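Trainee: Next up is a structure, given as structure tokens.
The values are calculated or read from the model by the stated rules, or taken from the named source; none is laboratory data. Since we're looking at a predicted model, the values are computed, not measured. Note that each Cβ is placed from the backbone with ideal geometry, even for glycine, and that neighbours are counted across all protein chains shown.
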Amino acid sequence: MSDSTRRDEEPNGTSPATSSENSAMPEKEVWTSHRHRKLPGWLDHFNVPDLKILLRCTVAAWVASLLILINPSLSTIGTATFFATLVLFTVPPSGIVFIFILAMLTLIIGMAVGWAWGVIAMKAALAARPAAETQARLQALGQQAYSIANSTGQPITLVERELIFNGFMLDARVTAVYFCLICTMIYLLARLRAKNFKFILFQIFGTIIMDLFLTVGPLLPSFDGTLPKVLIEPAAIGIGIGLACNILFFPRSTSHTVLEGLEGAVLLLKGPLDATVANLIEGEALDLKDLQKLKMKILAAYKKIEPALAFLPLDFSVSRWNADDVKSLKEPIRQASLSTLSLLEFHIGRVGGEEKLEKLRAITATHNQYSEAEIQERKKGNKQREAGMRQLLDSLSLMKAFNTPEHEALRQEMLEAIRQPCSKILPACQEASMVVADCIHAVNSSRWFGQPSKERLNELCKRSETSLEALRSLRASFASETTERLIQTNADIFDESGKLKSIDEPTMHKVRGIAIGMVFEEQILGIADSWGKVLDQLVALMKERKTVRLWCPKGMRYAFDWVFHRTAVAPVQTAQSPVADPDEVEEQSKAAEQSLNMNRGYKVKRRSGLGRVLLGTYHWFICAEGMYALRMVVVSVALGIPAVIPSSAGFFYREKGLWALIMGQTGVVVYMSDFVLSFTTRGLGTVVGGTMALVAWYIGSGNGTGNPYGLAAILALVLLLLMWARIFAPRALMQGTMMGGATCILVIGYSYNDTHIPTYGNPGWGYNVYWRRLALVLVGYAATLIVQIIPRPPSAARHVCKSLSNTLRALADHYALLLSCWNQPDRDEGLMAEQLALDLADALSALDGPVALLRLEFSSSPFDSDTLGQVKSLCHGMNQHLARLLFLSASLPEQFQDSLARRTGLLDHRSIGDVMAVLGILEQALKTGDPLPEVLPTPLLKRCYEYWQVHQVQIELSTDLIRDENYRRFCVALTAYLKFLGTVDDLVLVMKGALGESHIVTRELRPDLTV
């Protein structure tokens, strides 16, 4: 789709971002729920980039499968030639070349480690049996083979091979050494994988190679160091084919992928602006779920870019921009994302507050219907009431102030005051986001073919400059116009000198309205400033980089420029975005971390050194990672033992019991919710993949024993369908799609092997291979199920609860750091607030998958997926509010910081104790699952209001103060602190709803309170 057709107008006049070049782009605003997709998201990939990726991966898998059908290659590589295609289903060449290389290096190193350790184990095991006994056993093998060959007419070498694989050379000492050494490494690799998910390929393929030594090694009479060659050789061939296809067929550089991700993220950032326009200017209501969904999409889109950014310094690309140019856009777009998400949070808080108010109204209406007898019964405790009712009733008096007719009228006045200025600057921000997206798209298309014309690029450059100038001009006029309109709307509360006439209830309503209006103004100004910085950097890049050229990695590029050119190509930077001194940033990070560690306090040592070592060792073994590794060892021993028992060794080898062992090992997971999903999807994948293999086999071969031409033709279609599912299916189904592809190619491979390179233990072809494969999968699953649930299923709910409890502890640390920095000019830890918040946000985002999977877990935990999802969302909110306060502690003038502390009790010891007590109780309740006390120092918002009333803090407000830019930021800080307290209150209600209440204090309900 050309650039000129990317912004077709919708019937309602909006300009959605649609592009066939990026599947991540939204088709329309998320909050308009009346439009639905015609196809599920994972099927909607009929666009050029996705089809290119599909073609690349399918060609790689098909070429690897052809090696099975070519007799010379099949005879050379061996019976496991299909393993090349299996590797490509595990790691398809669907992304950046360097990331594919890194994944494959991880896989290769894992196989190398497994091979090396297997050789060591084989040497040690064979040394456990005396040479004389080995020689005597070999002589007995030869004699028995000679006798059987004479009676049956079979070749003596074939008979010897059958006797060996039937367990003739088995020895208990050799087997014991094999199992001890191999299982030790299996345990260590499992712990490494559980600790860091990036080592999953390392662990899986290293374990598969060691499984060969575990099941086949004890059967062998002598040392054979090339035993895993049967798997390693086809795996290496598959890696080479995948790498070649990744380079030859539509290669994608890192910069191309990053720019595509940035374009998608920028287009999603237009969503909150569209929502603001629709709500503020067009009067459209906002839906809380749609806003939260949009927030999650923005976070996911930006997080998706992060892995590729690390590979930019190694990037080879043909483009107008080099890796440094692409990276220079990261920070301004990130700031635009943060400011836009802040606006989105403003809407979420406002809509959520209205929903909370409606809930309080419903509760009040219900309580007004209680009779006196019912009240007495509830007072005596004879009737149960909703958990958290006391806190809700205590909130009613505070909420009354926000439900008066005057408040609603003032709300409308505030909307009218800011509507006119916003009607100018918001479209300018929308236009800025679209210009940025269009420029990135045009530059990302300037590579090989279909490049946009120079006129088009020059037009975009001029459009960017125009948008930047308009945004800067409107930014200045918006700030002054909005401020003056807020003053004029509330002119009756000010005297001639611009000070408040009096402090009565109507005046306080208007003061709150002014504060909310200024907070909203600051949100819009933050967005305008951030998009201005993005456009500034973009204009500099468009002017500086005007030609397409080959860009090498950074070090090589500067070396070549130094040799062949007089001056090296320097990174493009603008005056408005100076580069921070790395040493200064590092010092600030160390200072913040040191202060944070100090705020965490000190623990008293209650055990001796030996006791701590023993206890630490015990916990190291029984933690989640340790239990996962132990389960891996148990299932390996349980499924590997039949391979080394004389009575079952031959059956194990003939029926390919190795695959049952591999299925059992790959089926073991850390937590039970993952196991349920894995168990279901892998089982369905096996059935679907095997069925497709049967269809392909009988279509391609008919009643014959394998027609290479017919199989090659039908495999092209089958692999296309399987690879589509592997690449584009939801991430939750990834294991199932991998299993489907592996089963399909395994059935085809063994079927073709049986008639073209007959060997001992071939299982037949077609349906015979399929049902045996299914039986092996079932055996592996049965073993996995047993070890997964005995002695105790590993609960993901406990893991998530513990992680969220640690998050609350970290939030309490950040709260303590805020109190230490507030109104302290010699403390600058607040400058690192953004990094602290990002680290905690990453930790919370990592729980998205586990929380969603809790729906599949059978657990005795009182917390379900929805409850923990709410807890996680509230922790996100607290993190954001504290981060904003920490940042303002380093930039807000001292007099405003002091004013905020005096008005809200931020530094009051009782207020601090209340907040810390509630956070501490919530932290422990997440770990223990015990009910919360009915009476807590909540709602914290009401206590803050009572502090202001008791201390009779005078409101200092004037027209000059409203015009002060720092006062807007003071209003932002005030709102952030109140939202932090309100979020803690909400978290208490969520926890009480899940756990209930304890230590009930009998009290009479107050049905006379009304909202």
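Trainee: So which of Ser65, Ser73 is surrounded by fewer than 19 Cβ atoms within 10 Å (Cβ to Cβ) and among the small types (Gly, Ala, Ser)? First the steps, then the outcome.
Mentor: Numbers: Ser65 fails: surrounded by fewer than 19 Cβ atoms within 10 Å (Cβ to Cβ).
Result: Ser73 is the single residue among Ser65, Ser73 that is surrounded by fewer than 19 Cβ atoms within 10 Å (Cβ to Cβ) and among the small types (Gly, Ala, Ser).
Trainee: Would you call Leu868 modelled with pLDDT of 85 or more and either assigned to a helix (DSSP H, G or I) or buried (at least 18 other Cβ atoms within 10 Å of the Cβ) (or both)?
Mentor: Numbers: modelled with pLDDT of 85 or more: yes; either assigned to a helix (DSSP H, G or I) or buried (at least 18 other Cβ atoms within 10 Å of the Cβ) (or both): yes.
It is true that Leu868 is modelled with pLDDT of 85 or more and either assigned to a helix (DSSP H, G or I) or buried (at least 18 other Cβ atoms within 10 Å of the Cβ) (or both).
Trainee: Of all residues in the stretch 934-959, how many are assigned to a helix (DSSP H, G or I) and either touching a strand residue (DSSP E or B) at 6+ places or on another chain (Cβ under 9 Å) or in the same structural domain as Ser480 (by TED's automatic domain parsing) (or both)? Break it down into steps so the answer makes sense when it comes.
Mentor: Taking the stretch 934-959 and keeping what is assigned to a helix (DSSP H, G or I), we get 940-951, 959.
Then drop every residue that is not either touching a strand residue (DSSP E or B) at 6+ places or on another chain (Cβ under 9 Å) or in the same structural domain as Ser480 (by TED's automatic domain parsing) (or both), which leaves 959.
Number satisfying all stated conditions: 1.
Trainee: Please indicate, with yes or no, whether at least one residue in the stretch 779-790 is within 20 Å of Ala60 (Cβ to Cβ), assigned by TED's automatic domain parsing to the domain that holds Leu69 and of a type in the set (S, T, N, Q).
Mentor: To start, the set of residues in the stretch 779-790 that are within 20 Å of Ala60 (Cβ to Cβ) comprises none.
Taking every residue of the stretch 779-790 in turn, none turns out to be within 20 Å of Ala60 (Cβ to Cβ), assigned by TED's automatic domain parsing to the domain that holds Leu69 and of a type in the set (S, T, N, Q).
Trainee: Something else now. Quick one: would you say Leu836 is among the hydrophobic types (A, V, I, L, M, F, W, C), touching a His at 6+ places or on another chain (Cβ under 7 Å) and closer than 20 Å to Phe346 by Cα?
Mentor: Working: among the hydrophobic types (A, V, I, L, M, F, W, C): yes; touching a His at 6+ places or on another chain (Cβ under 7 Å): yes; closer than 20 Å to Phe346 by Cα: no.
In short, no.
Trainee: Test of understanding: among Leu785, Leu776, which residue is part of a helix (DSSP H, G or I), at pLDDT 85 or above and under 30 Å from Lys927 (Cβ atoms)?
Mentor: Details: Leu776 fails: under 30 Å from Lys927 (Cβ atoms).
Exactly one residue qualifies, and that residue is Leu785.
Trainee: Suppose we keep only residues that are among the β-branched types (Val, Ile, Thr) and at pLDDT 90 or above within the stretch 894-927. Which one would you say is farthest from the chain's Cα centre (by Cα)? Steps first, please.
Mentor: If we filter the stretch 894-927 for residues that are among the β-branched types (Val, Ile, Thr), which is where we start, we get 904, 912, 915, 918, 921.
Remaining after also requiring at pLDDT 90 or above: 912, 915, 918, 921.
Details: Ile912: 34, Val915: 30, Val918: 29, Ile921: 29 Å.
Per the stated criteria, the residue is Ile912.
Trainee: So the check is Cβ under 9 Å with 6+ separation or different chains; which pairs have a first residue in the stretch 792-817 that's hydroxyl-bearing (Ser, Thr, Tyr) and crowded, with 19+ Cβ neighbours inside 10 Å and a second one that's at pLDDT 90 or above and outside any helix (DSSP H, G or I)?
Mentor: none
Trainee: Still on this structure: What are the residues in the stretch 300-322 that are more than 15 Å from Ile440 (Cβ to Cβ) and among the small types (Gly, Ala, Ser), if any?
Mentor: Ala300, Ala310
Trainee: Here's a check for you: in the stretch 402-425, which residue that is among the hydrophobic types (A, V, I, L, M, F, W, C) and out of contact with any Leu (no Cβ under 6 Å at 6 or more places or on another chain) is modelled with the highest pLDDT? Show your work before the answer.
Mentor: To start, the set of residues in the stretch 402-425 that are among the hydrophobic types (A, V, I, L, M, F, W, C) comprises 402, 409-410, 414-415, 417-418, 422, 425.
When the remaining residues are screened for being out of contact with any Leu (no Cβ under 6 Å at 6 or more places or on another chain), the result is 402, 409-410, 414-415, 418.
Working: Phe402: 55, Ala409: 58, Leu410: 57, Met414: 71, Leu415: 72, Ile418: 80.
Filtering first and then ranking leaves Ile418.
Trainee: Another question, then. Of the conditions (1) among the β-branched types (Val, Ile, Thr); (2) at pLDDT below 85; (3) within 25 Å of the chain's Cα centre (by Cα), Val258 satisfies every one except a single condition; which number is it?
Mentor: Looking at each condition in turn, Val258 falls short on (2).
Trainee: Would the stretch 493-503 turn up any residue that is crowded, with 18+ Cβ neighbours inside 10 Å and within 43 Å of the chain's Cα centre (by Cα)?
Mentor: no
Trainee: Give me a count of the residues in the stretch 932-973 that are modelled with pLDDT of 85 or more, crowded, with 20+ Cβ neighbours inside 10 Å and farther than 21 Å from Leu885 by Cα.
Mentor: Residues in the stretch 932-973 being modelled with pLDDT of 85 or more, crowded, with 20+ Cβ neighbours inside 10 Å and farther than 21 Å from Leu885 by Cα: 2 in total.
Trainee: Scanning for something of a type in the set (S, T, N, Q), part of a helix (DSSP H, G or I) and closer than 25 Å to Thr79 by Cα, does the stretch 204-225 turn up at least one residue?
Mentor: Initial filter on the stretch 204-225 (of a type in the set (S, T, N, Q)): 207, 215, 222.
Filter again for part of a helix (DSSP H, G or I), leaving 207, 215.
So of that shortlist, the ones also closer than 25 Å to Thr79 by Cα come out as 207, 215.
Checking the stretch 204-225: at least one residue is of a type in the set (S, T, N, Q), part of a helix (DSSP H, G or I) and closer than 25 Å to Thr79 by Cα.
Trainee: Still on this structure: Within the stretch 249-265, does at least one residue satisfy the condition of being more than 22 Å from Asn47 (Cβ to Cβ) and crowded, with 17+ Cβ neighbours inside 10 Å? Walk me through it before giving the result.
Mentor: Start the filter on the stretch 249-265 by keeping residues that are more than 22 Å from Asn47 (Cβ to Cβ), which leaves none.
No, the stretch 249-265 contains no residue that is more than 22 Å from Asn47 (Cβ to Cβ) and crowded, with 17+ Cβ neighbours inside 10 Å.
Trainee: Can you pull out every residue in the stretch 121-141 that is surrounded by 14 or more Cβ atoms within 10 Å (Cβ to Cβ) and part of a helix (DSSP H, G or I)? Step through it out loud before you land on a result.
Mentor: From the stretch 121-141, those surrounded by 14 or more Cβ atoms within 10 Å (Cβ to Cβ) are 121-122, 124-126, 128-129, 134, 137-138, 141; that's our starting set.
If the condition is that a residue be surrounded by 14 or more Cβ atoms within 10 Å (Cβ to Cβ) and part of a helix (DSSP H, G or I), then Ala121, Met122, Ala124, Ala125, Leu126, Thr134, Arg137, Leu138, Leu141 are the ones that fit.
Trainee: So is Leu286 part of a helix (DSSP H, G or I) and in contact with a helix residue (DSSP H, G or I) (Cβ under 8 Å, 6 or more places away or on another chain) or not?
Mentor: On the way: part of a helix (DSSP H, G or I): no; in contact with a helix residue (DSSP H, G or I) (Cβ under 8 Å, 6 or more places away or on another chain): yes.
The answer is no for Leu286.
Trainee: Now, a different point. Looking at the structure I just gave you, is Leu677 buried (at least 18 other Cβ atoms within 10 Å of the Cβ) and in contact (Cβ under 8 Å) with a residue 60 or more places away in the chain? Reasoning before the result, please.
Mentor: Numbers: buried (at least 18 other Cβ atoms within 10 Å of the Cβ): yes; in contact (Cβ under 8 Å) with a residue 60 or more places away in the chain: yes.
Criteria met by Leu677.
Trainee: Additional query: When the residues of the stretch 901-918 are narrowed to those that are within 22 Å of Val972 (Cβ to Cβ) and among the small types (Gly, Ala, Ser), which ends up surrounded by the most Cβ atoms within 10 Å (Cβ to Cβ)? Before the answer, list the steps.
Mentor: Step one: list which residues in the stretch 901-918 are within 22 Å of Val972 (Cβ to Cβ), which gives 901-908, 911-912, 915.
In the following step, the residues that additionally are among the small types (Gly, Ala, Ser) were identified as 901, 905, 911.
On the way: Ala901: 17, Gly905: 23, Ser911: 19.
So, considering only residues that are within 22 Å of Val972 (Cβ to Cβ) and among the small types (Gly, Ala, Ser), the one surrounded by the most Cβ atoms within 10 Å (Cβ to Cβ) is Gly905.
Trainee: Moving on to the next point. May I ask you to say which residue of Gly683, Gly704, Gly689, Gly700 is without any contact (Cβ under 8 Å) to a residue 24 or more places away in the chain and in contact with a Leu (Cβ under 9 Å, 6 or more places away or on another chain)? Write out each step before concluding.
Mentor: Details: Gly683 fails: without any contact (Cβ under 8 Å) to a residue 24 or more places away in the chain; Gly704 fails: in contact with a Leu (Cβ under 9 Å, 6 or more places away or on another chain); Gly689 fails: without any contact (Cβ under 8 Å) to a residue 24 or more places away in the chain.
That would be Gly700, the only listed residue that is without any contact (Cβ under 8 Å) to a residue 24 or more places away in the chain and in contact with a Leu (Cβ under 9 Å, 6 or more places away or on another chain).
Trainee: Another question, then. If we keep just the residues of the stretch 748-791 that are of a type in the set (A, V, I, L, M) and over 30 Å from Ser673 (Cα atoms), which is surrounded by the most Cβ atoms within 10 Å (Cβ to Cβ)?
Mentor: Kept after step one, since they are of a type in the set (A, V, I, L, M), are these residues of the stretch 748-791: 748, 757, 769, 774-779, 782-783, 785-787, 789-790.
Okay, now just the ones that are also over 30 Å from Ser673 (Cα atoms), so 748, 757, 769.
Numbers: Ile748: 31, Ile757: 15, Val769: 27.
Residue satisfying both the conditions and the ranking: Ile748.
Trainee: Of the conditions (1) free of Cβ contacts under 8 Å to residues at least 40 places away in the same chain; (2) surrounded by fewer than 21 Cβ atoms within 10 Å (Cβ to Cβ); (3) among the charged types (D, E, K, R), Arg193 clears all except one; give me its number.
Mentor: Going through (1) free of Cβ contacts under 8 Å to residues at least 40 places away in the same chain; (2) surrounded by fewer than 21 Cβ atoms within 10 Å (Cβ to Cβ); (3) among the charged types (D, E, K, R) one by one, Arg193 breaks only (2).
Trainee: I'd like to know if the stretch 986-1004 contains one or more residues that are at negative phi, touching a His at 6+ places or on another chain (Cβ under 7 Å), at pLDDT below 80 and not assigned by TED's automatic domain parsing to the domain that holds Val918.
Mentor: Of the residues in the stretch 986-1004, the ones at negative phi are 986-995, 997-998, 1000-1004.
Then drop every residue that is not touching a His at 6+ places or on another chain (Cβ under 7 Å), which leaves none.
For the stretch 986-1004, residues at negative phi, touching a His at 6+ places or on another chain (Cβ under 7 Å), at pLDDT below 80 and not assigned by TED's automatic domain parsing to the domain that holds Val918: absent.
Trainee: Where residues in the stretch 524-536 are surrounded by fewer than 22 Cβ atoms within 10 Å (Cβ to Cβ) and not small (Gly, Ala, Ser), which of them is nearest to Glu345 (Cα to Cα)?
Mentor: The residue in question is Leu525.
Trainee: Going by the structure shown, is Glu469 out of contact with any Lys or Arg (no Cβ under 7 Å at 6 or more places or on another chain), without any contact (Cβ under 8 Å) to a residue 24 or more places away in the chain, part of a loop (DSSP other than H, G, I, E, B) and surrounded by fewer than 17 Cβ atoms within 10 Å (Cβ to Cβ)? Lay out the reasoning, then the answer.
Mentor: Working: out of contact with any Lys or Arg (no Cβ under 7 Å at 6 or more places or on another chain): yes; without any contact (Cβ under 8 Å) to a residue 24 or more places away in the chain: yes; part of a loop (DSSP other than H, G, I, E, B): no; surrounded by fewer than 17 Cβ atoms within 10 Å (Cβ to Cβ): yes.
When the stated conditions are applied, Glu469 does not pass them.
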